[in-house]
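Taking it in order: structure first as structure tokens, then the write-up.
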Amino acid sequence: MKKFIQTIQNIFKIEELRKRILYTIGLILVYRFGCFVVLPGIDASMLSAMQSASNEGLVGLLNMFSGGAFGNASIFALGVMPYISASIVIQLLGVFVPYFRKLQMEGESGRKKMNQMTRVLTILVICIQGPAYMAALHGQVPAQAFVAVRSLGWSNFAFNLISTIILMAGSMFVMWLGERITDRGIGNGISLIIMIGIVARLPYALAAEVSEKLSVTNGSWLLLIVELVIWFFVIAAAIAIVQAVRKVPVQYAKRVIGNRQFGGVRQYIPLKINAAGVMPIIFAQAIMLFPILFSRWDATRGLAATLGNYTGFWYNFIFAIFVIIFTYFYTAVTVNPTMMAENMKQNGGFIPGVKPGKKTVEYLDSIMSRVTLPGSFALAAIAILPAIAMILGVSNSFASFYGGTSLLILVGVVLDTLQQVESYLLMRHYDGLMKTGRLSGRSGM
């Protein structure tokens, strides 16, 4: 405890780090305040139906990413999801389209062009998601809630148009906040904004779980303690998955000054066990919403009910299979063995016992496939843990923190942010956040 207090004091002794942390906290407070500012012309007291509908499925995922703003009909309702969608599209184009691949190789100038394209694509995504959100709002909220339409005589089209423009401005402002945090604060701004939305739900979920368990007289305290212990071990497993890498040795030839011979320096290529992050879970959750579409017809209603049962065997089995498939797909898209082998060759490196060129590409591809296998199974297990927790009696709100997207994002962002803080401490010759070893985030060891 004494070392922890000393570390906190050391953090605030570093002027630059202190300013960055305070700046980050200030912008996060601005974001959290905006999450409760309801769209003009809507009665906030009539949003209970929208809030209850935004707790499950993909809608619940959107509400989580927006920090609850989605269910509150806030000006920040779309949050950073349009920006994330645009970033994913640009990233995929960098793999399949030569022009975008060339921009990735141009360094800082190429990165600026791709960032500008991402912003433009974000606006286009908002133009689609904004009207869709307003349509969902009209479907969930009673007509009396739309004060601007009922009292001021506005048409639905005019109200939806103005609201979409406000949602666009709110989403772009949130994106700007994230970029400011990245540039002048601490950590990755967009990731921190998502994480804060998840953390904001944790106290309410934990309080609801404690209240529910205390209402039962027989063994309630013991059951609650068992739940928290299991939650602790699940968090530890998620940390291990986020930090785990496989090191492939590479012998680099390093030219020594003068006429001396080349000296060998052994280095490593970090290949992550989970290179895809949380994206496979997000994709799989989106796919698993399709059975709901078949609930309208009598012939397919039974099948839709079976596949739409979040705690059922078939839903979780198919969900896990999709997570494994998307893990391999996303890893194949984001990890390019050909580019790694080419960069290795340009830097005069090689893998001992493997010929440069095609053989190196095949070797890296085989290693990546083997490493991804346990990572995909671990990710699938993390994805279905909330359903298992609900079956064992954990409340729905608290069960979401037992795994899935919430837990992985929470763990990954916290590790990345602590890694940056530790780098500042070590540069000023202070002890790091850990007594032994170095923190490693999603970026590697």
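Rule-based calculations on the coordinates, nothing more; no lab input. These numbers come from a predicted model, not from an experiment. Glycine gets a Cβ as well: all are built from the backbone with ideal geometry, and neighbour counts include every protein chain shown.
General remarks:
- Violating pairs (Cα-Cα greater than 27 angstrom) within the set Lys102/Lys345; Lys112/Lys358; Lys272/Lys358; Lys272/Lys345; Lys102/Lys272: Lys112/Lys358
- You can think of it this way: the chain between Ile230 and Ser423 has 66.3 nm of extra reach, that is 0.36 nm per residue less the Cα-Cα gap.
- The range 375-431-the range 66-87 distance, computed between alpha-carbon centres (Å): 21
- Extension gain for the segment Ile8 to Phe96, taken as residue separation times 0.36 nm less the Cα-Cα distance, is 27.1 nm to one decimal.
- Using alpha carbons only: equivalent-ellipsoid semi-axes of the range 112-193, gyration tensor based, whole Å: 32, 14, 10
- Point-to-point label distance, Ser151-Tyr23, nm (Cα→Cβ direction, 7 Å offset): 4.2
- Protection-proxy order for peptides 30-38, 135-143, each taking the mean of Cβ atoms within 10 Å per residue, highest first: 30-38, 135-143
- Highest to lowest packing among 178-188, 329-339, scored as the average C-beta count within 10 Å: 178-188, 329-339
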